[in-house]
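Note sheet for the following structure.
Every read-out reported here was derived from the displayed coordinates using simple, explicitly stated rules and does not represent laboratory data. These numbers come from a predicted model, not from an experiment. FYI the Cβ positions are ideal-geometry reconstructions off the backbone, even for glycines, and counts take in every protein chain you see.
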Amino acid sequence: MTKTDDTKKKSTVPAVEKALDVLELLTEAPGGLTMNEIVDALNRTMGEIYRVVIYLTERGYLQQDPQTSRYALTLRLFELSHRHDPTERLIHGALPLLERIAARTSQSCHLGVLNRDNVLVLTSVASPLPAGYAVRTGALFPVSQTSSGHVILAFSDEDTQARHIARQPKADHDALRARLTRIRETGFEDVPSTMIAGVRNLCVPVFDARGVVAAITSGFIHQIGTASTAEDTLSAIRVAAQDLSRSLGFSPGDDPAKTP
């Protein structure tokens, strides 16, 4: 047994593991399963599963059909998942990291998400310097004008990319595909702003357990007397994006292509 296997074995909580196995199994069985079917599907004994299923039923996570004796999921998990607004969680997790970027680099930065064909700025932090460039929280920009939108699209599924590309002028399709491929290969975007002359967009994706959810961007401007370079700022953004992604449940091992 390897050290990793040994550590995993020691950290396993059998009752919790069985309960999660049951819940995950029933997400794939909308019609429900009988106790015997659950036992067979999980390759466990009745003694291992019976009390777990009964307890989950008593706690309201499962319900048993009196006619068929099949157990199925209730809406309990759905209710729990909606008690905590994912947008609020994203903002709450991002804000201290954006403040860290601004403090370390003297650059402004912001967190953006896709909103149809636009990018919505959920939160932003201005440079601590007396003067600088910043993006307003709540601002809405067309995807075509932003690095945030292209970075999020680059790590989105193929259907999402295809729908977006199809809505753009046909003459731009090849260049857009090449841009998304380049971002996905490098894991970030570093390009001149298409909106503000002299601003350099540095942008990195943010992920949760399901995939890309947002992007952290800094509109880098060189100011006389500041030590931080664009490369320093990009490095700080990448570290922050990794920290935020981990806090949202992302594991790079799920898909190497998603690694910020």
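In this structure, the amide hydrogen of ALA214, modeled 1.01 Å from its nitrogen in the peptide plane, lies closer than 5 angstrom to those of VAL206, counting only residues at least 5 positions away or on a different chain.
Evaluated with a Cβ-only charge set (Lys, Arg +1; Asp, Glu -1), the range 137-225 carries a dipole of roughly 160 debye about its Cα centre, given to the nearest 20.
Length available on full extension from THR68 to ALA29: 0.36 nm per residue minus the Cα-Cα distance, which gives 12.6 nm. When the range 19-75 is described by a simple charge dipole with +1 on each Lys and Arg Cβ and -1 on each Asp and Glu Cβ, the residue from TYR71, LEU56, ILE38 located farthest towards its positive end is LEU56.
Remark: relative contact order (the chain) = 14 percent; criterion is Cα-Cα distance under 8 angstrom and separation of 6 or more residues.
Here the Debye sum runs over all C-alpha atoms of the range 126-260 as equal scatterers in vacuum, and log10 of I(q)/I(0) at q = 0.17, 0.18, 0.20 Å⁻¹ comes out as -0.96, -1.06, -1.25.
Its Cα centre serving as origin, the range 86-258 has a Cβ charge dipole (Lys and Arg +1, Asp and Glu -1) of approximately 240 debye.
Computed extension gain for ALA227 through MET46, at 0.36 nm per residue and net of the alpha carbon distance, reaches 58.6 nm. The phi torsions of the range 122-127, fed into the Karplus equation with coefficients 6.51, -1.76 and 1.60 and a -60° offset, translate into couplings of 6, 7, 8, 10, 7, 4 Hz, rounded to whole numbers, with Gly and Pro shown as x. Does anyone have the angle between helix 14-27 and the longest principal axis of the chain? Alpha-carbon axes, 0 to 90°, nearest 10? It is inclined by approximately 80 degrees.
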